[in-house]
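Let me begin by presenting the structure, written as structure tokens, before commenting on it.
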Amino acid sequence: MTYADRHAVVEGYQWLPGYEQLRVYGGDGCPGVAEFAPIEFGAVMGMSSGAAASLIGEALALRHRLPRIWAAVLDGDAVPWRARKIARACLSLSQEAAAIVDRRVVGIVDTVTPGALGKIVKAAVWEADPEAAQAQAEAAARTRGVFVAPSDDHGTKQIWVRAAAGDVIRFDATID
């Protein structure tokens with residue numbers, strides 16, 4: 001967090017074309033950070049620049065978009081890695097939608113298993129942005145189908161079915 005603050009907007013600085021620019025790593029409502037900061041941070045921390053950018057973005061998202069969860073982390077009521085998992089799930093949300101998720105899950109961050117937390121956060125994200133949830137469901141539906149691989153040297157083929165769970169269960173029962 002401190003590293004991102006030290007590489008944020010400097011009053012009066014003109015960002016010129018061809019020079020280092022500001023990037024927003026934490027989503028809507030987060031301050032811009034110098035675009036090369038994650039490369040430097042990653043080198044110091046021994047991680048890739050992508051992992052460093054994710055870490056910076058999640059930390060900024062917690063502080064600026066999920067203030068209740070951020071306060072729980074600072075108070076010791078929430079484990080940081082769980083809070084970062086929530087922040088990561090909210091990166092594509094608007095600031096208002098992220099605030100809905102913040103209110104819904106702040107009280108349970110450390111009270112459920114990681115798997116249950118993921119499901120609860122997903123439900124809160126869907127509640128916060130139902131249009132995006134609908135678009136994701138439609139995109140997933142478009143990936144459904146039956147796929148057949150070419151024959152191998154032994155005359156064997158493979159088949160993959162991507163369909164609704166109930167359809168696959170029924171298909172499997174029919175084949176059995």
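Just so you know, all these numbers are worked out from the coordinates, no wet-lab data involved. From a predicted model like this one, the values you see are computed outputs, not experimental measurements. Please note: Cβ atoms are built from the backbone with ideal geometry, for glycine as well, and neighbour counts cover all protein chains shown.
Before moving on, here are some points about what is shown:
- Here Lys85 is the anchor, and the lysines within straight C-alpha reach of less than 19 Å, apart from those fewer than 8 places off in the same chain, are Lys119, Lys122.
- The chain - Kirkwood radius from inverse mean 1/r over Cα pairs (Å): 19.2
- Near-label residues of segment 23-60 by backbone N, under 20 Å of a point 7 Å along Cα→Cβ of Glu96: 27-31
- Modelled FRET efficiency - R0 25 Å, Glu35 with Thr2, Cβ distances, 0.05 increments: 0.85
- Positive-end ranking of Phe171, Pro17, Ile86 along the dipole of the chain, with charges on Cβ about the Cα centre, is headed by Phe171.
- Anisotropy class assigned to segment 84-147 is oblate, per the alpha carbon gyration tensor with a/c at or over the 1.5 cut-off and a/b no larger than b/c.
- For the pair Leu22 and Gln134, a Förster radius of 30 Å applied to the C-beta separation gives a FRET efficiency near 0.40, rounded to the nearest 0.05.
- Helix axis angle, 95-105 relative to the chain longest principal axis, alpha carbon, degrees: 70
- Once the Cα atoms are used to define both axes, helix 114-128 deviates from the longest principal axis of the chain by about 80 degrees.
- Global geometry of segment 130-176, whether rounded, prolate or oblate, following the gyration tensor of its Cα atoms and the 1.5 cut on a/c: oblate
- Helix 80-89 axis, angle to the chain major axis (alpha carbon atoms, nearest 10°): 70
- Given R0 = 30 Å, the distance between the Cβ atoms of Val112 and Ala164 translates into a calculated FRET efficiency of 0.65.
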